[in-house]
1. Exactly one condition in (1) assigned to a helix (DSSP H, G or I); (2) of a type in the set (A, V, I, L, M); (3) in contact (Cβ under 8 Å) with a residue 40 or more places away in the chain is false for Met274; which is it?
2. Select from the stretch 93-121 the residues that are of a type in the set (Asp, Glu) and touching a Gly at 6+ places or on another chain (Cβ under 9 Å) and write down the one among them that is farthest from Gly82 (Cα to Cα).
3. Just give me the residues in the stretch 41-84 being in a helix (DSSP H, G or I) and within 13 Å of Ile106 (Cβ to Cβ), in sequence order.
4. Of the residues that sit in the stretch 220-271 and are hydroxyl-bearing (Ser, Thr, Tyr) and part of a helix (DSSP H, G or I), which one is surrounded by the fewest Cβ atoms within 10 Å (Cβ to Cβ)?
5. Check Leu123, Leu95, Leu87, Leu131 and return the single one that is in contact with a Leu (Cβ under 7 Å, 6 or more places away or on another chain) and more than 18 Å from Asn327 (Cβ to Cβ).
6. Restricting to the stretch 358-369, what's the tally of residues that are of a type outside the set (Phe, Trp, Tyr) and either surrounded by 13 or more Cβ atoms within 10 Å (Cβ to Cβ) or at pLDDT 95 or above (or both)?
7. Give just the number: which of (1) assigned by TED's automatic domain parsing to the domain that holds Leu350; (2) more than 18 Å from the chain's Cα centre (by Cα); (3) without any contact (Cβ under 8 Å) to a residue 60 or more places away in the chain does Lys151 not satisfy?
8. Which residue is farthest from Glu252 (Cα to Cα), if the candidates are limited to the stretch 195-234 and must be under 23 Å from the mean Cα position of the chain (by Cα) and aromatic (Phe, Trp, Tyr)?
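The values are calculated or read from the model by the stated rules, or taken from the named source; none is laboratory data. Since the model is a prediction, treat every value here as computed from it, not as a measurement. Cβ placement follows ideal geometry from the backbone for every residue including glycine, while neighbour counts extend to all protein chains displayed.
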Amino acid sequence: MINIIKTFFILLFLLILNGCGKPTSTPQTLPTTWPEMETAAKGKTVRMFMWTGDPFINRYMQEYVVPNVKSAHGIDLQISSGQGNQLVSLLATELEAGKTTSSADIMWINGETFYQLRQLKALFGPFVDRLPNSRYVKMNSPFINTDFQQKVDGFEAPWGNVQMAFIYDTTRVQTPPQNRSQLAAWIKAHPGRFTIDTQFAGLTFLKGLLIDIAGGQTVLNGPFDEAKYQQYSAQLWQYLKDLRPHFWRRGETYPEGVAQLHQLFANREIDFTMSNNDGEVDNKVLQGLFPETARAYVWESGTIQNSHFLGITTHSGQKPAALVVINFLLSPEAQHKKMIPKIWGDGTVLDTQKLPLEKRMMFENIPGRKYAPNRADIQNRALMELAPEYMIRLAADFRKQMIEGKTP
């Protein structure tokens, strides 16, 4: 959580630098037709920064995406680890040094990172309409055309769509809680068997609680509202403080990320874990990390659904090649591949009804989920993401309220 807080200070620093006459890159003239774009992309090296914490995702990128863009387009795609505040810090360093060509071309982003990079004018765009495969994207869905209450406006390309799910072991929990009050009762009846992580999954869980406390999705829709945040977050902290003595290790420490949370669950130290990807339970079972008795489910009161995106840096020196790579990642073949549970299990952003029949049939014949809920069955429980300031404030106040024991 402290990393999320730091991004505010980095953002302020960058905004100051942006006003201090730092050099800017010379605008890159792009080809006007897609065949010309593909020709300009050949032989180029594209650097993509992304979260690399999941071996299945890494394998998909290294063993499927990298060789395919090389063979089809002659592009050398290089994957580097970096996300969120790390990307903002990277751009801060480059801006301070006066670099006119970024060391990053493509970035896997969403939410508060998208918000910060737009504030900095660090994202190239709009570019999505340039991509031939964008015609298949389900851009009429608010879960895809909106990122944390921000219109995408072509400055990032939707890559995958997921919904938060709770994961439990059916041999340990027979009747999992379905809402906030049932969770509180369960935690008190099973002390030490529940916790949350301090990064994205945990913060998504907190946002879901905040929406529920506020009385539903519509109350907190739109731009960040300080008065509403103060009103409903006070009730949130009271709810959590009442439960803290019953958390894992009495709420005195928390796992730093979802990987650590998953490991506690796998080690049987806790009885629940959670994921922002409703299909992740399947590949964790296939990895051997989770038992075959693990199941994922969504609360009756709903959980947050969101999309993750691909952006191109303003100072990328390889924009044509970056566009070609992203277009490949939006192709029916690449989207289908990563939907397969044993590959990644990520939800597609494509409207499969727009696809030619043979492409559509690929999606209809994907091996079914065994441990996760059917996606169609949980869509009516999907909640929209909140404005990015809610997540940043929750991160800071969780540290004050739950870790340091102070008031906001």
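1. Exception for Met274: condition (1).
2. Residues of the stretch 93-121 of a type in the set (Asp, Glu): 94, 96, 105, 112.
Going one step further and asking which of them are touching a Gly at 6+ places or on another chain (Cβ under 9 Å), we end up with 105, 112.
Working: Asp105: 12, Glu112: 15 Å.
Residue satisfying both the conditions and the ranking: Glu112.
3. Filtering the stretch 41-84 for residues in a helix (DSSP H, G or I) gives 41, 55-73, 84.
Those that are in a helix (DSSP H, G or I) and within 13 Å of Ile106 (Cβ to Cβ): Ala41, Met61, Val65, Val66, Val69.
4. The initial filter retains those residues of the stretch 220-271 that are hydroxyl-bearing (Ser, Thr, Tyr), namely 229, 232-233, 239, 253-254.
Adding the requirement that they be part of a helix (DSSP H, G or I) leaves 229, 232-233, 239.
Details: Tyr229: 22, Tyr232: 20, Ser233: 22, Tyr239: 17.
Only one residue tops the list, namely Tyr239.
5. Working: Leu123 fails: more than 18 Å from Asn327 (Cβ to Cβ); Leu87 fails: in contact with a Leu (Cβ under 7 Å, 6 or more places away or on another chain); Leu131 fails: more than 18 Å from Asn327 (Cβ to Cβ).
One residue alone meets the criteria, Leu95.
6. Just the residues of the stretch 358-369 that are of a type outside the set (Phe, Trp, Tyr), to begin with: 358-362, 364-369.
From what's left, either surrounded by 13 or more Cβ atoms within 10 Å (Cβ to Cβ) or at pLDDT 95 or above (or both): 359-360, 362, 366, 369.
Residues flagged as of a type outside the set (Phe, Trp, Tyr) and either surrounded by 13 or more Cβ atoms within 10 Å (Cβ to Cβ) or at pLDDT 95 or above (or both) within the stretch 358-369 amount to 5.
7. Lys151 satisfies all of (1) assigned by TED's automatic domain parsing to the domain that holds Leu350; (2) more than 18 Å from the chain's Cα centre (by Cα); (3) without any contact (Cβ under 8 Å) to a residue 60 or more places away in the chain except (2).
8. The extreme case among them is Phe224.
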